[in-house]
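Single-structure report; data block below.
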Amino acid sequence: MKVLITGGAGFIGSNLAKYLLKKDHEILIIDDLSTGQFENIKHMEKHPKFTFVLDSILNYTVLDELVSSVDIVYHLAAAVGVEYIINNPLKSIEVNVQGTENVLKLAHKYKKKVLLASTSEVYGKNEKASLEENDDRILGSTTINRWSYSNNKALDEFLALAYFREKKLPIVIVRLFNTTGPGQVGDYGMVVPRFIKQALLNKPITVYGDGEQTRCFTHVDDVVSALDLLMNCNSCEGEIFNVGNPEEVSMNDLAKRIVKYLKSESKIMHISYEKVMGPNFEDMRRRVPNNDKINKFIGWKPKMNLSHIIKDIVKHYEEDLRF
Ligand code: UDP
């Protein structure tokens, strides 16, 4: 198969590209390197079945040519990372709304199946113990920039569902929970590699707020296998799936576990949200996926727990030292 991955130089996209290349697919990537990194795809550059196009999904003409030439599209290109969204509000809306509209319009024009990467951010402040795909979205005011991302991605979902219902475009939507693993950089948030780097350098571990907020982290290899299975599942078309690991950890405990594992001299330092994110910031206290639906449809369950994830990232930093 010939596969287009938008945002293929990003952390998840590049891991997906590597995985699909190994399965002998031909890979085409479009990425404007705004948050993606050439470093992520450098090792594939010489592969005869790999092509990288440096451009934005806002460039409709280029995108038209790419979508027309492939069999399927993984749409992963997006402005991501809470800190990036907050610092680039306009660009984030443009890319996440208009960009997705471009992809879906062209996929419809050429009748190509699309997997849309959405996010657990769409649940907003819903603190339910185990979030299901049909659960309510609970959001704050429009003056709080963070909620723009949640709304933009929700609009993407509405659009994809509308194309499915009205135009019979085969689509599948995945809501990614916090995904991490070796090679992820902590530039725009991404707390796990950030804490590990701080601990390796014996620098203070920067825990935001009271640190009692929790998250669930999924290994990128688990995520990539879910994306591949969902793309190849006919009964999954027109459906939304959580992709996440339900193992829940508070940021305080995450910091302690990393310090202990690395026998680091780092001290845990609490910083107010206001200091890092400016005024008008809201965090969600909790975000835990329910995996029943994806398990029922494709038999997927995450294989790697948090200890495994931490070990893998540390190993990568020690081998690569790409801080
Ligand atoms: N966080 C933190 N210190 C950091 C970076 C992030 O305490 O240096 C917290 C952040 O406030 C959030 C959690 O870690 O509560 C996860 O942040 P991340 O940016 O990784 O993803 P998010 O869940 O916010 O999308």
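The values are calculated or read from the model by the stated rules, or taken from the named source; none is laboratory data. All values derive from a computational prediction rather than experimental measurement. Don't worry about glycine lacking a Cβ; one is built from the backbone with ideal geometry, like all the others, and counts go over all protein chains shown.
Structural remarks
- Of all residues in the range 147-169, those that are free of Cβ contacts under 8 Å to residues at least 24 places away in the same chain, surrounded by fewer than 18 Cβ atoms within 10 Å (Cβ to Cβ) and in a helix (DSSP H, G or I) total 3.
- When the range 240-293 is limited to residues that are farther than 26 Å from Lys203 by Cβ and hydrophobic (A, V, I, L, M, F, W, C), the one that is modelled with the lowest pLDDT turns out to be Met284.
- When residues of the range 211-252 are limited to those that are more than 21 Å from Tyr19 (Cβ to Cβ) and β-branched (Val, Ile, Thr), the one surrounded by the most Cβ atoms within 10 Å (Cβ to Cβ): Ile240
- Number of residues in the range 118-146 that are out of contact with any helix residue (DSSP H, G or I) (no Cβ under 7 Å at 6 or more places or on another chain), closer than 25 Å to Leu90 by Cα, at pLDDT 95 or above and not hydroxyl-bearing (Ser, Thr, Tyr) equals 2.
- Tallying residues that are among the hydrophobic types (A, V, I, L, M, F, W, C), surrounded by fewer than 21 Cβ atoms within 10 Å (Cβ to Cβ) and assigned to a loop (DSSP other than H, G, I, E, B) within the range 170-210 yields 3.
Here's the yes/no breakdown for (1) among the hydroxyl-bearing types (Ser, Thr, Tyr); (2) touching a residue at least 60 places away in the same chain (Cβ under 8 Å); (3) within 16 Å of the ligand (Cβ to nearest atom):
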{"position": "Tyr84", "(1), (2), (3)": "yes, yes, yes"}
{"position": "Lys91", "(1), (2), (3)": "no, no, no"}
{"position": "Ser118", "(1), (2), (3)": "yes, yes, yes"}
{"position": "Val122", "(1), (2), (3)": "no, no, yes"}
{"position": "Arg137", "(1), (2), (3)": "no, no, yes"}
{"position": "Ser141", "(1), (2), (3)": "yes, no, no"}
{"position": "Asn145", "(1), (2), (3)": "no, yes, yes"}
{"position": "Gly183", "(1), (2), (3)": "no, yes, yes"}
{"position": "Tyr188", "(1), (2), (3)": "yes, yes, yes"}
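- Number of positions in the range 1-51 that are over 18 Å from Lys113 (Cβ atoms), surrounded by fewer than 18 Cβ atoms within 10 Å (Cβ to Cβ) and hydrophobic (A, V, I, L, M, F, W, C): 3
- Residue in the range 272-305 that is surrounded by the fewest Cβ atoms within 10 Å (Cβ to Cβ), counting only those that are of a type in the set (A, V, I, L, M, F, W, C) and away from the ligand (no atom under 13 Å from the Cβ): Phe297
- Test: Lys46 is of a type in the set (D, E, K, R) and within 30 Å of Lys275 (Cβ to Cβ): no
- The number of residues in the range 109-146 that are buried (at least 20 other Cβ atoms within 10 Å of the Cβ) and assigned to a strand (DSSP E or B) comes to 8.
- On the stretch given as the range 190-214, residues that are near the ligand (Cβ under 8 Å from one of its atoms) and under 19 Å from Ser14 (Cα atoms) total 2.
- Some residue of the range 289-296 being within 16 Å of Arg194 (Cα to Cα), assigned to a helix (DSSP H, G or I) and not small (Gly, Ala, Ser): no
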